[in-house]
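> First the structure, which I've put down as structure tokens, then a few questions once you've had a look.
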Amino acid sequence: MNKVIASSISKKFVMALAGLFLLTFLPVHLGINFMLLNPDPEPFNSAAHFMANFAVIKVVEIILMLAILIHIIYGIIVQIQNWLARPTRYKSGNKSETSFFSRFMIWTGGTIFIFLIIHFINFYFMKIGLVDGDPEDFYSVAYQLFAIPGYVIFYWICFLGLGFHLYHAFSSAFQTLGLNHRIWTPVVNVVAVFYAILIPAGFASIPLIIWLFK
């Protein structure tokens, strides 16, 4: 049992590090996506071209992919370990102390995973030539997708799930890494709320603004 607990803790530690790295990437991605609101497609396409071809970015891209895979795989493993451990806790008469957000992390994470698959097919696979399209004009690709009502609704649902996921992930990552502090932990929790609202809302606002004003 001790080995199982230690294994779970170590996986959570690695998952937290990978998750924090991903948290630093989202604002960058959001900043680039806001260029879609520019009527001139050149700035967005230039940024996308730079991200696709700059050598340092390619290295970061590999690290990002590994971080996503590690976060997903370890998240699934930890969740399965938690499910397997629950009968023992229930038999002892103790109620689960996991929070509402913690209990649904696997489901919000699954929603994000589905979105990532679709997002990769629409953009990343096009960039590497696995899907037909012009990788030098992602601006038009994005506008074509945002013209599909079903895609936009799905997009909003996914970013709603991302918001719930980020809220718990942001604060719990610092706890997992042992960075609890009577002064800084409440600050981290407040930052987690703002981050979990502003980042998904920023992404979700882009297709809405395009619908209303473009």
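The values are calculated or read from the model by the stated rules, or taken from the named source; none is laboratory data. Note that this is a predicted model, so its numbers are computed, not measured. Cβ sites come from the backbone with ideal geometry, for glycine too, and all protein chains shown count toward neighbours.
> Evaluate the following for ALA85: is it under 28 Å from PHE154 (Cβ atoms) and either part of a helix (DSSP H, G or I) or at pLDDT below 80 (or both)?
Numbers: under 28 Å from PHE154 (Cβ atoms): no; either part of a helix (DSSP H, G or I) or at pLDDT below 80 (or both): yes.
Answer is no for this residue.
> Would you confirm, using the coordinates I've provided, whether ILE157 is β-branched (Val, Ile, Thr) and at pLDDT 90 or above?
Working: β-branched (Val, Ile, Thr): yes; at pLDDT 90 or above: yes.
In short, yes.
> Right, PHE146: surrounded by 18 or more Cβ atoms within 10 Å (Cβ to Cβ) and either more than 21 Å from LEU69 (Cα to Cα) or touching a strand residue (DSSP E or B) at 6+ places or on another chain (Cβ under 8 Å) (or both) or not? Reasoning before the result, please.
On the way: surrounded by 18 or more Cβ atoms within 10 Å (Cβ to Cβ): yes; either more than 21 Å from LEU69 (Cα to Cα) or touching a strand residue (DSSP E or B) at 6+ places or on another chain (Cβ under 8 Å) (or both): yes.
Yes.
> Can you pull out every residue in the stretch 121-145 that is farther than 13 Å from PHE44 by Cβ and hydrophobic (A, V, I, L, M, F, W, C)?
Selection gives ILE121, PHE125, MET126, ILE128, LEU130, VAL131, LEU145.
> Looking at this structure, is VAL193 farther than 28 Å from GLU42 by Cβ, at pLDDT 90 or above and of a type in the set (A, V, I, L, M, F, W, C)?
Working: farther than 28 Å from GLU42 by Cβ: yes; at pLDDT 90 or above: yes; of a type in the set (A, V, I, L, M, F, W, C): yes.
The answer is yes for VAL193.
> State all residues of the stretch 28-57 that are assigned to a helix (DSSP H, G or I), of a type in the set (A, V, I, L, M, F, W, C), within 16 Å of LYS127 (Cα to Cα) and without any contact (Cβ under 8 Å) to a residue 12 or more places away in the chain; if no residue qualifies, say none. Spell out the reasoning first.
To start, the set of residues in the stretch 28-57 that are assigned to a helix (DSSP H, G or I) comprises 28-37, 42-53, 55-57.
Still in the running and of a type in the set (A, V, I, L, M, F, W, C): 28, 30, 32, 34-37, 44, 47-48, 50-52, 55-57.
In the following step, the residues that additionally are within 16 Å of LYS127 (Cα to Cα) were identified as 44, 47-48, 50-52, 55, 57.
Result: PHE50, ALA55, ILE57.
> Among the numbered conditions (1) modelled with pLDDT under 80; (2) closer than 26 Å to GLY202 by Cβ; (3) loosely packed, with under 15 Cβ neighbours inside 10 Å, tell me where HIS71 comes up short.
Status for HIS71: all satisfied but (3).
> Could I ask something else about it? Looking at (1) farther than 22 Å from ALA142 by Cα; (2) touching a residue at least 40 places away in the same chain (Cβ under 8 Å), which is the only condition LEU69 fails?
Of (1) farther than 22 Å from ALA142 by Cα; (2) touching a residue at least 40 places away in the same chain (Cβ under 8 Å), only one is false for LEU69: (2).
> With ILE153, ILE157 as the choices, which residue is more than 21 Å from PHE25 (Cα to Cα), assigned to a helix (DSSP H, G or I) and under 22 Å from the mean Cα position of the chain (by Cα)? Reasoning before the result, please.
Working: ILE157 fails: more than 21 Å from PHE25 (Cα to Cα).
Matching residue, one of ILE153, ILE157: ILE153.
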